[in-house]
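The values are calculated or read from the model by the stated rules, or taken from the named source; none is laboratory data. Values in this document were obtained by computation on a predicted structure and should not be read as measured data. Note that each Cβ is placed from the backbone with ideal geometry, even for glycine, and that neighbours are counted across all protein chains shown. Note: accessible area is taken over every heavy atom of the protein model, side chains too, but ligands, DNA and RNA are not part of it. Shrake-Rupley method; radii C 1.70, N 1.55, O 1.52, S 1.80 Å.
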Amino acid sequence: MSYENVNSTLGADFRLTNGPRATPALITRLNALLPAFFARYGLVLAFLALWQVSSTQGWVNPSVFPPLDLILSALWGSLSSGALLDDIAISLQRAGIAFAAAVVIGIPLGLVMGQARVIEQALDPLLQFFRQTSALALYPVFILLLGLGETSKVFVIFWATLFPILLSTIGGVKEVDTKLIEMARTYGAGRLAIFRRVVLPASVPAIFVGLRLSATTALLLLIAAEMIGANKGIGFQVMNAQYNFQIPLMFAAILLLALLGLLANAVLVLLQRKLCRWAQPNA
């Protein structure tokens, strides 16, 4: 066989083994992923596209609703220059301390109240009363008691984030299947073993629901807390940009808060899936 025949044969074999097989496989995978992607994020993409077109075409006032490219440019400029980095760190510190305190207090208290009916009956009326009182309405009271510094800001966030965790934990304990507890008792398990092996694992999905709600609430209250008597933080930057009519920067700070909220929720969802694989939670 000549060199040309060998070369053409090898080239044909190479095209048959690599070209036709790799390309259809990639196309098939993309065809399977794209419908799911657009089904989940198509409305969001359409909304962003409508915002951009409406602002650039003058359908809405661009000084009030600037185009997305200007907002992203302002966000990138603030981050690259370091102007927002200190504000992000301070805001995350405030929200993180309040959220951690709510977790440390809310989960143990909820586990106790969910199992001890006497304690629940004694504390529930007081908790329901405080839960129905807006944290923002109490913020002036916290300022009078704790001052205008960091303590009042952290405490108002803690106050708002405590109740979702507490109530979700209580609900999770109460929803544990009593047949599982009776079965554990039949096999000779004590109260501590039943709590560790049955009650606590069955309550974890409900607890994570409360954690995700509280993480969102922490960021919402963070803005309100930083709009009063603060000179640092993302909430302060939102108000400062609005006062100086820096509308793209204002929307950039709002977008940054939304991204931080999505990131916090994604971290909690990932942790929930690791701890509750049997529950298969939805994001």
How big is the chain by the Kirkwood estimate over distinct Cα pairs, in Å? 23.3 Å
With the dipole of the chain defined by +1 on each Lys or Arg Cβ and -1 on each Asp or Glu Cβ, the option from Gly147, Thr56, Leu213 whose Cα lies farthest towards the positive pole is Leu213
In range of the label at Met227: residues from the stretch 236-267 whose backbone nitrogen is under 11 Å from the point 7 Å along Cα→Cβ: 236, 238-240
Cross-link partners among aspartates and glutamates for Lys153, C-alpha distance below 16 Å, same-chain residues fewer than 8 apart left out? Asp87, Glu226
Note on the stretch 155-217: contact order normalised by length, alpha-carbon pairs under 8 Å, 6 or more apart, percent, works out to 59 percent
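Quick check for me: using +1 on Lys/Arg Cβ and -1 on Asp/Glu Cβ, what's the dipole size of the chain about its Cα centre, in debye to the nearest 20? Walk me through the numbers on the way to the answer.
Working: 19 positive and 12 negative charges, 191 e Å.
With Lys and Arg at +1 and Asp and Glu at -1, about 920 debye.
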Can you tell which of Ala122, Ala225, Ala160 shows the greatest fluctuation in a Gaussian network model of the chain with Cα springs below 10 Å? Ala122
Under the 0.36 nm per residue contour assumption, what length would be gained going from the current alpha-carbon distance of Leu72 and Arg40 to full extension? 9.2 nm
Unit charges at the beta carbon, dipole of the stretch 163-239: most positive-side option, Ala224, Gly190, Leu200: Gly190
P(r) over all Cα-Cα pairs of the stretch 187-283, 5 Å bins from 0 to the longest distance, whole percent per bin, short to long, reads 2, 12, 16, 15, 12, 10, 9, 7, 6, 4, 2, 2, 1, 0
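With a probe of 1.4 Å, find how much accessible area the chain has per residue, and write the answer as a whole number in Å². Please report the intermediate quantities before stating the final value.
Details: 17420 Å² over 283 residues.
That works out to 62 Å² for each residue.
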Quick one: helix 200-226 against the long Cα principal axis of the chain, what's the angle to the nearest 10°, folded into 0 to 90? 90 degrees
Check: C-alpha center the stretch 222-256 vs C-alpha center the stretch 36-85, spacing in Å is 17 Å
Integer Hz, Karplus 6.51/-1.76/1.60 couplings in order for the stretch 106-119, x for Gly and Pro: x, 5, x, 5, x, 5, 5, 5, x, 9, 9, 5, 5, 5
When we measure straight from the Cα of Lys174, which lysines land under 17 angstrom away, once same-chain ones fewer than 8 places off are left out? none
